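The values are calculated or read from the model by the stated rules, or taken from the named source; none is laboratory data. As the structure is a computational prediction, the values presented were derived from the model and not from experiment. Positions of Cβ are generated from backbone atoms using ideal geometry, with glycine treated the same way; all protein chains shown enter the neighbour counts. Ligands, DNA and RNA are stripped out before the accessible areas are found, and what is left, the full protein with its side chains, is counted by its heavy atoms. Shrake-Rupley method; radii C 1.70, N 1.55, O 1.52, S 1.80 Å.
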Amino acid sequence: MAFGEQPAYLRVASDLREKIVNGLLPPHTRLPSQARIREEYGVSDTVALEARKVLMAEGLVEGRSGSGTYVRERPVPRMVERSGFRPEAGAGPFRQEQAADGVRGTWESRSEQEGASPEIAARLGIEPGDRVMRTHYVFREAGDPVMLSTSWEPLAITGRTPVMLPEEGPLGGCGVVERMAAIDVIVDNVAEQVGARPGLAEELVALGGVPGHVVMVVERTFYASGRPVETADVVVPADRYRVGYRLPVR
């Protein structure tokens, strides 16, 4: 193979990808069989198989048991808007994470105490093993899962207070800023970092994705006078959503 020349399986995958993107192989169309790919492109079974694997890893096609491989429906990406740390009073967790006007949804959550891992301890400025309240959320819109979030709050701050459980008590579901204010902890800053990685198996199952799909992760931390009071990982499917920011100009 000459320098710079693509391997045969990538050339085949590239041609099939172009046909999918251009609509020559529309959604729900069966992908040419391995034998057909072998004959049409003059390649081996191994090359044909590897080309199909590339398209599956890219999320362009999906296998159906006993039926073959089909072109997937390509969703139009929607926006997850981030707009700072002051949602309207009484805003629930869905509105805290998805700030776009007019977007409403529901959520499920479960909370439990645990010792902070070294990574979470570093984000919260505490010692590994210190007790935190971890809360896992599944956010839904029109019944479909759209977003996952896991938050951690130091029990040194919230322990034995009315807001120890984020989704229970008099301020259950009110969001971090309002809950912390109830115990005289004034949130005045938030930091977010956005990254991408392959989705974990349990994340993709929860979000209705397929193995190999990429997710975006918003790593968010709320601060009160420089002290971290909550940190969270917000996970959305990269093929279905974009993360946008609206920030005030001071």
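Details
- With Cα atoms, 0 to 90° folded angle of helix 8-21 axis to the chain main axis: 70 degrees
- Potential lengthening between E202 and H28 on full extension [0.36 nm per residue; Cα-Cα distance subtracted]: 60.1 nm
- By average C-beta atoms within 10 angstrom, highest first, the peptides 158-164, 21-27, 54-60: 54-60, 158-164, 21-27
- Computed E for D233/E39 - FRET, C-beta separation, R0 51 angstrom, nearest 0.05: 0.60
- Taking the helices alone, the chain has a mean residue ellipticity at 222 nm of -7000 deg cm²/dmol, built from -39,500 (n - 2.57) per DSSP H run of at least 4 residues and averaged over all its residues.
- Per residue accessible area in Å² of the chain, where ligands, DNA and RNA are left out and the probe is 1.4 Å: 54 Å²
- For volume of the Cα convex hull per residue in Å³, the value calculated from this model appears in [x] 197; [y] 189; [z] 212 under label [y].
- Of all beta bridges that DSSP places with both ends in the chain, some 90 percent have antiparallel geometry.
- Of the accessible area of the chain, computed with a 1.4 Å probe over protein heavy atoms only, carbon and sulfur atoms account for 52 percent.
- For E62, net neighbour charge (Lys/Arg +1, Asp/Glu -1) across residues whose Cβ lies under 13 Å away: +3
- Averaging the sequence gap over all C-alpha pairs within less than 8 Å and six or more residues apart, then dividing by the number of residues, gives the chain a relative contact order of 18 percent.
- Label zone (N189, point 7 Å along Cα-to-C-beta; backbone nitrogen cut-off 18 Å) within region 107-128: 122-126.
- Farthest toward the positive end of the dipole of the chain, out of Y223, G159, Y137, is the Cα of Y137, where the dipole comes from beta carbon charges about the Cα centre.
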